[in-house]
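Inspection log for the structure reproduced underneath, given as structure tokens.
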Amino acid sequence: MSKNTLYGIFDCELVLLEAVKEIRANKIEIKEVYSPFPIHGLDQALGLKETRMAITAFIYGCIGLSLAALMIYNIMIIDWPQNIGGKPNFTFYHNMPAFIPIMFECTVLFAAHLMSITYLIRNGLYPGAVSDCPDPRTTDDKFLMEIEVEGDLAALKAMLTKTGATEINEKDA
Amino acid sequence: MHKESEIRDPLILGNKTYHDITKDIAFPVEGKANKYWWILFSLSFVLFLWGVVSMAYTIGTGIGSWGLNKTVNWAWDITNFVWWIGIGHAGTLISAVLLLFRQKWRMSINRSAEAMTIFGVAQAALFPLIHMGRPWLAYYVFPIPNQFGSLWVNFNSPLLWDVFAISTYFSVSVVFWYIGLIPDFAMLRDRMSAKTAPMKKQLYSFLSFGWSGKAKHWQRFEEVSLVLAGLATPLVFSVHSIVSMDFATSIIPGWHTTIFPPYFVLGALFSGFAMVETLLIIMRKVVNMEAYITIKHIEYMNIIILLTGSLVGTAYITELFMSWYSGVEFEQYAFLNRATGPYWWAYAIMMTCNVLTPQLYWFSSIRKSFIATFILSIFVNIGMWFERFVIIVTSLHRDYLPSAWTMFSPTFIDIGIYLGTIGFFFVLFLLYARTFPVIAQAELKSIVKSSGSEYKNKK
């Protein structure tokens, strides 16, 4: 039997959230939900895993901190030590108080930029990418639930209507 | 859904639905500019051109065209630099610190405040660039070995810290701004018709990076915003602390004080919020955002101005006390000369505009008035410019030997560059107001059902 794709359109995020819970309770898999703004609790309701963006930021920050320390150590201690205002220049740790600002800035620089790039890559966002959202109204005021069904289409339609969908569309084959 | 106390005033007026918000935010982009926009734009553009001519003249003939002299060797340019950097601080404070504190009122104003930050920091960056004299050698500030051997930049110097702090601040602000803009560009893209506005549709399609609004994407969006806010918060405080260390780590009486970092950060927030008010009070009229930028938003900002203004006043008095208490006569003279010397008038303007007039915000009628707020915000902008002028010029103009004592007066070129950056700033901001979604509409929609007027009145 061929697969059909149904789009249930909702007007209110609270109705949608309840609908997601009810439909998943009936063991029906929801393929995707498109919304104009973040809905709190939707990720749990859909059973999405927690995102690891914050962990990547921490790792990138550590990389930034290490690279900054390495750069400053090479420049100020190894390559060209200079007597600047009598500050100790033979060991890194003696001179470090003066290096802290730049080490901090590099940590933030790496964490923020690399996390944002990771975010774009993971979401498949890049200049010129084409949106795969089935209905352009979902960036305005509609919430869309995408369900793939094998079998009883009418029962699912009835359930969508019962849970509050204002419009149900079928994907054009 | 957010829960919110019923007695709080609504943050969105006029019973807006989601679609109304979409229409209102898209209106300035889709519609034609009105008369006020063209008047403001033409004025700013003329100033900008004056600035371009002055900068070209400076680069062509050298820094001798400025009013600097051997004694006052840092004046107008660094005053403007610090002023613009300070203005840049409110944007990130609103978008980052207020996000961490879950202040919902930031949502109507964060986009424009961040735009102001980015444009303000860009103006600030122009000043050190021109002051180099040979701006094409600006890459010398970065840690790359130059062609004369392994001559590196000095990591002990606050001026190099500044290079890192400001470039990080600028680029992280741009990224933070853009991450938030992507869903809003997608909204504009989906509203544009491929038939009537094909170019615009293509442009916003390109800018929106193919955003579709999937649940997983929103989940990542929220976490990335939160982490960026967490990273940007210490960044805001570090940037102006480091700017203040350009002065505080020197041994000039009047600069050599440990109070500088917190004092500069507070001053930056103070002036930044004043500039946000100046801009938003104009913008809400010019692009019809009265329902979103309400008197409540203005009042919240006024309270922050009152607080930071009072703290800045405390810092001024602490400085005076510490110079007396230090028992060092040079330190004592520096401050006595500030208040009573030949630049007493600059000190008086600073004290009046930064310490006295913001105290009017204790009155609720003034705090809740657009006109009074607009006037007082201009006062703060002026006062904070004079604060930097007072710190920089009065500390330098009485040098160690009385034979070197002198005064500073700006030349036509100095004034041209300063006004030019103001023109450039407004040119950028006005273009932004016509092409960008000026309010973070996606985030704003998420609070309609807790902070919108319709839901408030139901209760």
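Please treat every number below as a calculation from the coordinates, not as lab data. Not measured: the values here are computed from a predicted model. As a convention, Cβ positions derive from the backbone with ideal geometry for all residues, glycine included, and neighbour counts pool all protein chains shown.
Here each label is just a point 7 Å from Cα along the line to Cβ, and for B:I259 and B:N69 those points are 3.0 nm apart.
Pairs of alpha-carbon atoms within less than 8 angstrom and 6+ residues apart define the contacts here; what relative contact order does the range B:187-312 have, in percent?
Numbers: 62 pairs, mean separation 20.6, N = 126.
Averaging sequence separation for qualifying contacts and normalising by length gives 16 percent for the range B:187-312.
Over chain B, all Cα pairs binned in 10 Å intervals from 0 give whole-percent P(r) values of 4, 19, 29, 26, 15, 6, 1, 0, listed from short to long. Find which of B:A165, B:V175, B:L269 sits farthest along the positive direction of the dipole of chain B, computed with +1 on the beta-carbon of Lys and Arg, -1 on that of Asp and Glu, about the Cα centre. The listed residue farthest towards the positive side: B:V175.
From the residues B:W211, B:Y455, B:H397, which one has its Cα farthest along the dipole of the protein assembly as shown in the positive direction, the dipole being from +1 and -1 charges on Cβ of Lys/Arg and Asp/Glu about the Cα centre? With unit charges placed on the Cβ atoms, the residue in question is B:Y455. Taking the DSSP bridge list for the protein assembly as shown and keeping only pairs wholly inside it, about 95 percent are antiparallel. Candidates B:I87, B:I251, B:G62 compared by Cα position along the dipole of the protein assembly as shown: farthest toward the positive end lies B:I87, with charges placed on Cβ. Relative contact order of chain A: 54 percent, from C-alpha pairs under 8 Å at least 6 residues apart in sequence. Computed about the Cα centre, the dipole magnitude for the protein assembly as shown is approximately 800 debye when only Lys and Arg (+1) and Asp and Glu (-1) carry charge, each at its Cβ. Compared with the alpha-carbon gap, the fully stretched path from B:E30 to B:S167 is longer by 45.9 nm at 0.36 nm per residue. By the combined test of axial Cα extent (at least 20 Å) and Kyte-Doolittle hydropathy (mean at least 0.5), the qualifying DSSP H helices of chain B come to B:35-61, B:110-131, B:158-191, B:215-248, B:260-286, B:295-326, B:370-389, B:412-435. Backbone N atoms of the range B:404-423 closer than 20 Å to the 7 Å Cα→Cβ label point of B:V46 belong to residues B:412-423. Going down the list A:K142/B:K195; B:K16/B:K195; A:K142/B:K216; B:K23/B:K214; A:K142/B:K285, which pairs span over 26 Å between their C-alpha atoms? Violating the 26 Å limit, Cα to Cα: B:K16/B:K195; A:K142/B:K285. In angstrom, the C-alpha Rg and Dmax of the protein assembly as shown are 27.3, 98.
For B:W345, what charge total do you get from the other residues with a beta carbon under 14 Å from its beta carbon, if Lys and Arg give +1 and Asp and Glu give -1?
Working: positive: B:R338; negative: B:E387.
Counting the neighbours of B:W345, the net charge comes to 0.
By the count of other C-beta atoms within 10 Å, a proxy for reagent exposure, B:I144, B:I303 are ordered fewest to most as B:I144, B:I303.
Just to confirm a number: summing +1 for Lys and Arg and -1 for Asp and Glu over residues other than A:E32 whose beta-carbon lies under 9 angstrom from that of A:E32, what do you get?
Overall, the nearby charge balance is +2.
Charge tally around B:F41: other residues with Cβ under 11 Å, Lys/Arg +1 each, Asp/Glu -1 each, net +2. Hey, how many Å between the Cα centroid of the range B:422-450 and the Cα centroid of the range B:111-180? Value for the Cα centre distance between the two parts: 25 Å.
Rounded to the nearest 0.05, the FRET efficiency derived from the C-beta distance between B:W344 and B:K195 at R0 = 60 Å is 0.35.
For the range A:68-173, a simple Cβ point-charge model (Lys and Arg +1, Asp and Glu -1, everything else neutral) yields a dipole of about 680 debye relative to the Cα centre. Distance between the 7 Å Cα→Cβ label points at B:K368 and A:C12: 3.1 nm. Look at B:V427, B:V239 and count the other Cβ atoms within 10 Å of each Cβ; fewest to most, that gives B:V427, B:V239. Calculate the FRET efficiency for B:N15 and B:L431 from the Cβ-Cβ distance with a Förster distance of 22 Å, rounded to the nearest 0.05. Between B:N15 and B:L431 the formula returns 0.10. The alpha carbon centroids of the range B:259-324 and the range A:103-173 are separated by 39 Å.
Once whole DSSP H runs in chain A are found, which of them have Cα atoms spread over 30 Å or more along the helix axis and a mean Kyte-Doolittle score of at least 1.0?
Span-like helices in chain A: A:100-123.
Mind checking which aspartates and glutamates have their C-alpha under 15 Å from B:K449, skipping anything on the same chain fewer than 8 residues away? Qualifying aspartates and glutamates at Cα under 15 Å: A:D11, A:E13, A:D141, B:E4, B:E6, B:D9, B:D20. In this simple spin-label approximation, B:L129 and B:S5 carry label points 7 Å from Cα along the Cα→Cβ vector, and these lie 4.7 nm apart.
Rounded to the nearest 20 debye, the dipole size of the range A:1-106 about its Cα centre is 280 debye, using +1 on the Cβ of Lys and Arg and -1 on the Cβ of Asp and Glu.
Taking other Cβ within 10 Å of each residue's Cβ, how do A:R52, B:R134 sort, fewest first?
Details: A:R52 14, B:R134 9.
So the residues, fewest neighbours to most, are B:R134, A:R52.
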